[in-house]
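The values are calculated or read from the model by the stated rules, or taken from the named source; none is laboratory data. Computed from a prediction, not measured in an experiment: that's the story for all the values here. Cβ: placed from backbone, ideal geometry, glycine included. Neighbour counts: every protein chain shown. Calculation scope for accessible area: heavy atoms of the full protein, side chains included, ligands and nucleic acids excluded. Shrake-Rupley method; radii C 1.70, N 1.55, O 1.52, S 1.80 Å.
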Amino acid sequence: MKFTKYCIYFIFITKYCVFSCFPFLCNRSFEVCDLLGWTCRDDCRYQCMWTTVGLYQAEGYSVPQFHGKWPFARFLCFEEPASALASLLNGLACLLMLLRYRSAVPRQSPMYHTITAFSLVSLNAWFWSTVFHTRDTYLTEKMDYFCASAVILYSIYLCCVRTLGLRRPAISSMVGVLLILAFTSHVSYLTFVSFDYGYNMAANAMNGLYLLNICNTCIYLNKCFWVSYCVNDS
């Protein structure tokens, strides 16, 4: 019985609430939020989301998730204002450090172009994160998730280039090809097979742990190299 009520409330938001709200909100005048793509149906879904939350709490249920996300109170035209602001500040910090790096490091530096490319990949990810938290759509959600995965995979490549690629460029090239194939497979699965939130989170967490292990291994090997170098030199 409890499960039946749970389903009825979701039917309410997807059918009755949106259907009855739609004609009313479509008679409204032009608003600033329209510039960000907020349509009448989008406004109805937002209003009905909070109506459903109120019904759940009135019946003693916990706050439900909508499309895998917790409900957020919209501020002006921003769906998730705190997250959008945090993403924007991260992007600005990344841009500032890129400008400082380019002004302090000569272009002839072996890692100059690799680190510059990593900064641009990170900037792109923070840009789409800001857009996604401002306005959640089918496109912005995918771009946010895909670009975040690209940053993690490029971090692995950057680590390989920094530790091995300068002396063995063939190895870093092979790693780069493998990472491009992994990224292509990841994006293709989420796009053409199933946009699985659990799989995306697990894949990014696995790549993050893999990056951590690579960094720890490289630090250990680098330490051993310098210890051996100092001993032989003395």
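Worth a mention:
Residue-wise test of (1) within 13 Å of residue 111 (Cβ to Cβ); (2) at pLDDT below 85; (3) of a type outside the set (Gly, Ala, Ser); (4) open to solvent by 50 Å² or more (accessible area, probe 1.4 Å).
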residue: 157; (1), (2), (3), (4): yes, no, yes, yes
residue: 162; (1), (2), (3), (4): yes, yes, yes, yes
residue: 168; (1), (2), (3), (4): no, yes, yes, yes
residue: 181; (1), (2), (3), (4): no, no, yes, yes
residue: 192; (1), (2), (3), (4): no, no, yes, yes
residue: 201; (1), (2), (3), (4): no, yes, yes, yes
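- Qualifying residue in the stretch 54-63 (condition: farther than 30 Å from residue 169 by Cβ, surrounded by 14 or more Cβ atoms within 10 Å (Cβ to Cβ) and among the β-branched types (Val, Ile, Thr)): no
- Test: residue 129 is touching a Ser or Thr at 6+ places or on another chain (Cβ under 7 Å), hydroxyl-bearing (Ser, Thr, Tyr) and in a helix (DSSP H, G or I): yes
- Filter pass, residue 96 being under 20 Å from the mean Cα position of the chain (by Cα) and assigned to a helix (DSSP H, G or I): no
- Here the stretch 37-76 is the region considered, the condition is being charged (D, E, K, R) and part of a loop (DSSP other than H, G, I, E, B), and the residue that is nearest to residue 136 (Cα to Cα) is 74.
- Residue 72, sole failed condition from (1) surrounded by 14 or more Cβ atoms within 10 Å (Cβ to Cβ); (2) at pLDDT 90 or above; (3) of a type outside the set (Asp, Glu): (2)
- Residue match in the stretch 178-195 (condition: closer than 30 Å to residue 76 by Cα and part of a loop (DSSP other than H, G, I, E, B)): yes
- Meets criteria (of a type in the set (Gly, Ala, Ser) and either in a loop (DSSP other than H, G, I, E, B) or open to solvent by less than 50 Å² (accessible area, probe 1.4 Å) (or both)) for residue 103: no
- Residues satisfying the stated conditions in the stretch 44-75, i.e. in contact with a helix residue (DSSP H, G or I) (Cβ under 8 Å, 6 or more places away or on another chain), of a type in the set (D, E, K, R) and under 29 Å from residue 196 (Cβ atoms): 45, 74
- Within the stretch 115-132, the set of residues being open to solvent by less than 20 Å² (accessible area, probe 1.4 Å) and under 15 Å from residue 153 (Cα atoms) comprises 119, 122, 125.
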